[in-house]
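Trainee: I'd like to ask some things about the structure below.
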Amino acid sequence: MLDELGLHLVRLDLPFRLNHVNCFLAEGEEGYVVIDTGLHNSYTVRRWAEELDRKHVSEIFITHYHPDHFGYAGGLQQKTNARLSMSQIDAENGLGAWDRQFLEKLAGNYQVAGIPAEAASQMVDNTESFIKRVTPYPTVNHYFNEGELVKIGNYMYEVLFTPGHSDGLIVFYNKEKSVLLSTDHILPKITPNISYWFHGDPNPLATYFQSLNKIRKLDVEYVIPSHGLPFFGGTKRIDEIKQHHHDRLENLLEELSAGLTVFEACKKLFPKINNVHDFRFAIGETLAHLEYLRYNDECKRDVVGGNYVYYTE
């Protein structure tokens with residue numbers, strides 16, 4: 001199917017539990033189009049040099065600002081002089097998510113979440129360690145617009161905004177073939193991380209549900225994700241993801257009768273997390289679920305001893 005679409009999947013290794021990211025390469029009228037770039041490290045630089053040998057890259061499309069998609073964008077742009085496009089929201093997030101001002105506030109945010117000081121310090125250090133994996137920053141030449149049409153390989157695709165996993169995440173949809181390049185919006189085996197990162201959309205899980213419903217109306221047949229293998233049955237997978245989150249919300253709500261900090265709630269939801277990188281994502285996802293319940297008036301939040309405590313009456 002990828003060959004028919006004129007898409008070449010470039011699977012890049014990642015040094016995390018989620019051990020790869022799918023980037024894409026497609027031949028265009030004026031040169032090649034690259035979709036996402038991986039982390040900026042020596043491995044990624046070498047892989048793209050091999051993939052792009054004797055190829056002229058005219059366009060780089062970045063689907064969202066997370067490091068495994070955005071990280072090498074600036075470096076690859078410098079090598080290719082390609083025009084780079086992404087959503088304005090995530091372009092701004094990509095420039096702000098690792099700046100000094102944000103990092104200085106992060107320790108305080110983790111403290112309010114009830115995270116022990118040593119663990120919070122390690123989490124800040126882990127965030128800061130990504131600066132070298134996302135710089136140099138790219139020059140964004142074009143901001144994607146909702147409904148914009150772009151040529152990718154053999155077909156035209158509609159740019160659709162599907163915030164939730166990130167505030168400005170986009171997907172590419174081709175109605176003729178019922179194909180969705182789902183990026184990190186819909187994944188085949190795992191559920192995309194939906195986190196509140198102490199900035200941006202205050203209720204990302206509610207936004208994510210809206211975005212899932214938006215794509216569900218399209219009844220997409222073939223989904224090409226940024227992690228895992230392409231698969232058939234977009235609607236079925238969307239329903240599974242929604243059910244997963246509703247189950248998690250129900251379980252979390254039951255735990256809040258005694259009152260929990262974000263840290264304590266995270267331990268309930270993710271008892272097997274044992275490394276700093278994954279724990280950062282677990283805290284973000286726990287906070288997104290707690291805030292969803294709070295905005296839904298299903299729980300309350302008070303400050304007790306300097307920590308947020310979520311509880312049901």
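Trainee: Step by step: first the residues of region 112-124, then only those that are touching a residue at least 24 places away in the same chain (Cβ under 8 Å) and over 13 Å from Asp278 (Cα atoms), then the one that is most open to solvent (accessible area, probe 1.4 Å). Which residue is that?
Mentor: The extreme case among them is Pro116.
Trainee: Check off (1) surrounded by fewer than 18 Cβ atoms within 10 Å (Cβ to Cβ); (2) over 25 Å from Leu181 (Cα atoms) for Asp239 and give me the number that stays unchecked.
Mentor: (2)
Trainee: A follow-up question, please. Could you figure out which of (1) farther than 20 Å from Leu287 by Cβ; (2) part of a loop (DSSP other than H, G, I, E, B) isn't true of Asp201?
Mentor: Going through the list (1) farther than 20 Å from Leu287 by Cβ; (2) part of a loop (DSSP other than H, G, I, E, B), Asp201 breaks only (1).
Trainee: A follow-up question, please. Given the structure, is Thr80 closer than 17 Å to Gly153 by Cα, touching a Leu at 6+ places or on another chain (Cβ under 8 Å) and among the hydroxyl-bearing types (Ser, Thr, Tyr)?
Mentor: no
One line per residue, one yes/no per condition, for (1) touching a Cys at 6+ places or on another chain (Cβ under 9 Å); (2) in contact (Cβ under 8 Å) with a residue 12 or more places away in the chain; (3) closer than 23 Å to Gly38 by Cβ; (4) among the β-branched types (Val, Ile, Thr):
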{"site": "Tyr173", "(1), (2), (3), (4)": "no, yes, no, no"}
{"site": "Leu181", "(1), (2), (3), (4)": "no, yes, yes, no"}
{"site": "His185", "(1), (2), (3), (4)": "no, yes, yes, no"}
{"site": "Asn193", "(1), (2), (3), (4)": "no, yes, yes, no"}
{"site": "Phe209", "(1), (2), (3), (4)": "no, yes, no, no"}
{"site": "Val220", "(1), (2), (3), (4)": "no, yes, no, yes"}
{"site": "Ser226", "(1), (2), (3), (4)": "yes, yes, yes, no"}
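Trainee: Now, a different point. Would you list the strands (runs of 3 or more DSSP E) that sit entirely within region 1-98 and hold 1 or more residues that are touching a Lys or Arg at 6+ places or on another chain (Cβ under 8 Å) and open to solvent by 30 Å² or more (accessible area, probe 1.4 Å)?
Mentor: Fully inside region 1-98 and qualifying: 32-35, 57-61.
Trainee: Here's a check for you: in region 197-208, which residue that is surrounded by fewer than 19 Cβ atoms within 10 Å (Cβ to Cβ) and of a type outside the set (Gly, Ala, Ser) is nearest to Leu5 (Cα to Cα)?
Mentor: So, considering only residues that are surrounded by fewer than 19 Cβ atoms within 10 Å (Cβ to Cβ) and of a type outside the set (Gly, Ala, Ser), the one nearest to Leu5 (Cα to Cα) is Asn203.
Trainee: Quick one: how many residues across region 135-150 are farther than 15 Å from Asn93 by Cβ and open to solvent by 80 Å² or more (accessible area, probe 1.4 Å)?
Mentor: 5
Trainee: What number of residues in region 151-168 are open to solvent by less than 20 Å² (accessible area, probe 1.4 Å) and free of Cβ contacts under 8 Å to residues at least 24 places away in the same chain?
Mentor: 1
The values are calculated or read from the model by the stated rules, or taken from the named source; none is laboratory data. Quick caveat: nothing in here was measured; it's all calculated off a predicted structure. Don't worry about glycine lacking a Cβ; one is built from the backbone with ideal geometry, like all the others, and counts go over all protein chains shown. Heads up: the accessible areas ignore ligands, DNA and RNA and are worked out on the full protein's heavy atoms, side chains in. Shrake-Rupley method; radii C 1.70, N 1.55, O 1.52, S 1.80 Å.
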